[in-house]
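Here the structure comes first, spelled out in structure tokens, and everything after it is commentary.
Just so it is clear, none of the values below were taken in a lab; they were calculated from the coordinates. In this text, all values refer to a predicted model and were calculated from it rather than measured experimentally. Reconstructed Cβ throughout: ideal geometry from the backbone, glycine too, with neighbour counts over all protein chains shown.
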Amino acid sequence: MRHRVAHRKLGRITSHRTALLRNLATALFERERIRTTLPKAKELRPYAERLITLAKREDDRLHARRLVLRDIQDPAIVKKLFDSLGARYATRPGGYTRILRLGPRKGDGAEMAIVELLGSEYKPKGGDEKGKKEKATGAPKAKAEKKDAKAKGGKKDKAAEKAKAAE
């Protein structure tokens, strides 16, 4: 029975597992969206959410920053965590991450997942592409219209020249 056994070991010794979670959390805060295996994603979620909760602290920010610096070694990521991410989730009472299942990995069949911070969802560039397509297709239409106008104008000019010559 697994009574009071909290976390997954992920097939690693304690120090390796801690380093893995620190690296995953650093990558998540840097890119705001990472792809990993499902068990790692499920272990990362409470770890990262605890760090975001520390970043939201208003009363003892220096102590909270030092607690986060124990786990996240990069000062630039800690600055981003406290300045932008902490402010983004200031009114949210929890649940800062989302896990999206991707299905099995081709090589070994491991279940894959995407872990992303809420508010950093993937936004396809559909609107921009449509604008580019319209601009791209608009230019050839304009060129075609100019060619048609020249061709029509050329016929009118020839007809006008014949009329003038007949007079």
Can you name every residue in region 77-94 that is loosely packed, with under 11 Cβ neighbours inside 10 Å and either within 18 Å of Ile34 (Cβ to Cβ) or not β-branched (Val, Ile, Thr) (or both)?
-> Ala90, Pro93, Gly94
Within region 40-51, considering residues that are among the aliphatic types (A, V, I, L, M) and in contact with a strand residue (DSSP E or B) (Cβ under 8 Å, 6 or more places away or on another chain), the one nearest to Val68 (Cα to Cα) = Ala48
The residue that is nearest to Val115 (Cα to Cα), considering only those in region 2-32 that are out of contact with any helix residue (DSSP H, G or I) (no Cβ under 7 Å at 6 or more places or on another chain) and part of a loop (DSSP other than H, G, I, E, B), is Glu32
